[in-house]
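Structure first, commentary second.
The values are calculated or read from the model by the stated rules, or taken from the named source; none is laboratory data. Predicted model, so just to flag it, every value in this text is computed and none were measured. Neighbour counts are summed over all protein chains in view; Cβ atoms, including those assigned to glycine, are modelled from backbone coordinates with ideal geometry.
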Amino acid sequence: MSGNGGLTFADPASPHGGELFQQWFEFAPDAMVITAEAGTIELVNLQTERLFGYDRSELVGQPVEVLVPERFRAAHVGHRAGFVDAPKLRPMQSGLELIARRKDGSEFPVEISLSPLKTGAGTLVASAIRDVSARKRADRKSQAFLDSAPDAMLIVDGSGHITRVNAQTETLFGYPREELLGRTIELLVPARLRVQHRLQCEVYARQPKARSMGCGSDSYGVRKDGHEFPVDISLKPLETEDGTWVLTAIRDISERRQIEVEARLASDRLLSAVESIQGMLALYDADDRLVLCNSSCRELMSRGAKGSIVGRTFAGLLQDALHAQVFELEEQSPQEFAAAWLEYHQNPLGAFDVRTRAGETLRVTDRRTREGGIVSTLLDVTADVQRELELTHARTLAESASAAKSEFLASMSHELRTPLNSILGFAQLLQRDRKTPLTERQLEKLDYVLQGGEHLQRLIDDILDLSRVEAGQVTVSLEPVGVLEVLSEATATLAPMAERQGVELRLQALPEGCQVIADRTRLFQILINFGSNAIKYNRAGGAASFGVAPVGSGALRISVSDDGIGISSDKQHKIFEAFQRAGQETGPIEGTGIGLTISKRLAELMSGSVGFVSAPGKGSQFWLDLPQHEAPEAHRAIPKLEVPALPSLLGPLHTVVYIEDNPSNIAFMRALFEDFARVDLIALPNAEVGIEVVRDKRPELVIMDLNLPGMSGFEATKRLQEWPETASIPVIALTAAAMTGYQRRAFEAGFRKCLTKPVKIDELLQTLRELLPARSSVDSDP
Ligand code: ADP
């Protein structure tokens, strides 16, 4: 190498030493520059020429600052002087990183080591300059890589000092990079946790291994401004020349913690809501495993299952409960019980009731969730079920009490009617007796007997009627009813009474063809009650007048006005109550005080109402409002009642069989039939004998008492209908039991007529005329 100026290689120790050294120097991999104390370049090598682009002749003799960018030159002169004053070896990688300048002005990073060379001519400085561009590039790349990480990344050396950080670390902790590098990692740990942190570091240092995020304990970081925040840390040991370093990734989990807190809060709220539910609640997932339940449900389940019940399947828990005999199985086997409950659990429709051995009744209500699971609630309905039972029991008692009352009334009526039958029957016979007629005075007295008997009969009928209405046994069959028709019938019925009382009965001109929706019989009954009162509570020479007028929307008012005694104002409010006679209790006018009560109830049954106005001493008006029926024109014509021609009771001999156990009834009937010369009455005391006689004699008619000892009248009639030879013989039912249903039952059983005792002779005669075959024109009406 020629051209090196004032400095040459020479080794006094070896003839080749100078040459070897020269070659080493010349071909050293780093740029080698030797400068004099004054800073002038004395010697450079080949690498210097290559690195800086200078020919060595251009450098020797120049101040070393030619290799430094202009902006650092002044400072460099200072550094250089400092080194000369205290020269010592300064190796590469000691942090002395500088920027060098090429001849062409371009700059590049270098690392420089300096070593002082003592010579006779003073202290020289040998600089080895290494281009670190490539390493810097690699560094930048790895920094960019670190910066791209979402978490804060730090590299910490074996003594806990931070050697490298990424941009995220700066952002997260609020420190600029320079303030972090070289500091211990503890800077980022809250003071209160530093001791603990140190311990953890020591433990880790002993056995460093990769530790991923989320597996650490509660860790916190602290920002430069003192704000603490929860972090997740992952650690990875890095083996370096300087020992084990650690790559640390730190993630701010404040947001996650917040979400966790909120989720926990929501879950706590849900749990306390579930807990506060009255009754038991259990939630099963799509695999039918218990996910959640409240404590009362847990209490029930744990009667059967041991240990934790969450995660168990419903079927498993049920099996355990059955095993522990938690439930009352009634008649079922455990398998049947479980199958029924599982079936409901899988297809929950409505509710499913179970009973526990402890006596509770639980109402299970399962519902499917959108996720395919099941929410099951179990409500303790023991008290409800008990109440229900008590109610049913009370209802049964009430029903049987009511039935007993009805039975009592029916039998009482039977008991009363039987003797009454004799009283009224024989009194009527005495009245009509042609063979030994009574005297005028006797007839007068007999009239009292008859009146008294009839009153008693009405009273019995009214009480029975009222009790039937009150027991809800009276049903009405509503149909269009011609008002004129019913009123004509009622006035005709009332006419004899009015005549007796000297009261004029009037029927005001009615609009033609008007109809109401009513039960014909019940309407008639009310009109008779109103009409008979208007006659009874009248005065001689007074009048009772029926009228009809429209009221309100779609209703007709049928009224009865009288100019009788009226009702005193203080009694008027009780007029529709049972047994209230408004001051007539002690008076001469006969009555029971039930008629208006029944009328009111019947009107209500027909969706109608009753009312009245009355002035004492002047008269009263009672009315009944009923829904009007708008009849089509064609139907408005009032049908004419045809009175059927009465068939004769004469002709060949008729045979009538009377099956009756009561001797006085038989005596009465015999006395009555005595007047029919051509009727042979065969009376028989029981059904068993009676039907045999009917079979044998084939009478024209059978009169059958319904209440017979042994075989009943119903049964006997059934038998007669079954035999071809007797099937067509008409049978009349005769009964003292005037309870609802008897009539209907009698017709259903095939009776032609159903007459009640005491026998009304006219009614019986009319029936005989209808049913006995007419074979003669001669009428022997007695
Ligand atoms: P009864 O006529 O059998 O006593 P009701 O129930 O039919 O029973 O009538 C109850 C009471 O109302 C009668 O006792 C009578 O005092 C009074 N009353 C009913 N209608 C009239 C009327 N048109 N005029 C005067 N008082 C009447």
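Being among the β-branched types (Val, Ile, Thr), surrounded by 12 or more Cβ atoms within 10 Å (Cβ to Cβ) and under 26 Å from ALA383 (Cα atoms): is that true of THR313 here? Here the answer is no, as THR313 does not meet what is asked.
Going through GLU660, GLU692, GLU688 one at a time, which residue ends up being among the acidic types (Asp, Glu) and either modelled with pLDDT under 80 or over 26 Å from SER422 (Cα atoms) (or both)? Checking each option against the conditions leaves just GLU692. Here the condition is being at pLDDT below 95, of a type in the set (Val, Ile, Thr) and surrounded by 14 or more Cβ atoms within 10 Å (Cβ to Cβ); of THR356, THR369, it holds for THR356 alone. Taken over the stretch 275-313, residues that are β-branched (Val, Ile, Thr) and within 15 Å of ARG367 (Cβ to Cβ) amount to 2.
Of all the residues in the stretch 334-365, those that are farther than 19 Å from ASP288 by Cα and assigned to a strand (DSSP E or B) number 7. Where helices (runs of 4 or more DSSP H) sit wholly within the stretch 126-186, those with at least 3 residues that are among the polar types (S, T, N, Q) occupy 133-147, 167-173.
Just to check your reading of the model, which residue among ALA282, ALA338, ALA286 is among the small types (Gly, Ala, Ser), crowded, with 18+ Cβ neighbours inside 10 Å and touching a residue at least 24 places away in the same chain (Cβ under 8 Å)? Of the residues listed, the single one that is among the small types (Gly, Ala, Ser), crowded, with 18+ Cβ neighbours inside 10 Å and touching a residue at least 24 places away in the same chain (Cβ under 8 Å) is ALA282. Contact map, the stretch 443-462: residues that are touching a residue at least 40 places away in the same chain (Cβ under 8 Å) paired with residues that are within 16 Å of the ligand (Cβ to nearest atom) and of a type in the set (Ser, Thr, Tyr), Cβ distance under 7 Å, separation 6+ or inter-chain. Pairs shown: ARG458/THR592; LEU459/THR592; ASP462/THR592. So is ARG434 modelled with pLDDT under 90 and not in a helix (DSSP H, G or I) or not? Considered against the rule, which asks whether it is modelled with pLDDT under 90 and not in a helix (DSSP H, G or I), ARG434 comes out as yes. So in the stretch 99-121, with the set limited to residues that are part of a strand (DSSP E or B) and at pLDDT below 85, which one is farthest from the chain's Cα centre (by Cα)? The qualifying residue farthest from the chain's Cα centre (by Cα) is THR119.
The set of residues in the stretch 292-302 that are surrounded by fewer than 16 Cβ atoms within 10 Å (Cβ to Cβ) and not small (Gly, Ala, Ser) contains only GLU299. The residue that is nearest to GLY566 (Cα to Cα), counting only those in the stretch 611-633 that are within 11 Å of the ligand (Cβ to nearest atom) and aliphatic (A, V, I, L, M), is ALA615. For the stretch 515-535, the count of residues that are in contact with a Pro (Cβ under 6 Å, 6 or more places away or on another chain) and in contact (Cβ under 8 Å) with a residue 40 or more places away in the chain is at least one.
For the stretch 586-609, name all the residues that are more than 8 Å from the ligand (Cβ to nearest atom) and of a type in the set (D, E, K, R). LYS600, ARG601, GLU604 - these are the residues of the stretch 586-609 that are more than 8 Å from the ligand (Cβ to nearest atom) and of a type in the set (D, E, K, R).
Residues that are in a strand (DSSP E or B) and free of Cβ contacts under 8 Å to residues at least 40 places away in the same chain within the stretch 366-404 comprise ASP366, ARG367, ARG368, listed in sequence order. Residues that are over 48 Å from the mean Cα position of the chain (by Cα) and either without any contact (Cβ under 8 Å) to a residue 40 or more places away in the chain or more than 22 Å from GLY554 (Cα to Cα) (or both) within the stretch 471-496 comprise SER488, GLU489, ALA490, THR491, ALA492, THR493, LEU494, ALA495, PRO496, listed in sequence order. For the stretch 39-57, the set of residues classified as surrounded by fewer than 16 Cβ atoms within 10 Å (Cβ to Cβ) and in a helix (DSSP H, G or I) consists of LEU46, ARG50, SER57, listed by residue number.
Restricting attention to the stretch 492-520, the residues being under 25 Å from PRO550 (Cβ atoms), modelled with pLDDT of 85 or more and of a type in the set (Lys, Arg) number 1. Inclusion of ARG468 among residues that are closer than 24 Å to PHE546 by Cα, within 57 Å of the chain's Cα centre (by Cα) and at pLDDT below 85 is not warranted. Of all the listed residues (GLU499, GLU504), the sole one being touching a residue at least 40 places away in the same chain (Cβ under 8 Å), within 26 Å of GLY587 (Cα to Cα) and away from the ligand (no atom under 13 Å from the Cβ) is GLU504. Please work out if PRO511 is in contact (Cβ under 8 Å) with a residue 40 or more places away in the chain, more than 7 Å from the ligand (Cβ to nearest atom) and within 23 Å of HIS629 (Cα to Cα). No; evaluated as a whole, the condition is false for this residue. Whether a residue is at pLDDT 90 or above and near the ligand (Cβ under 10 Å from one of its atoms) was assessed, and SER568 passes this test.
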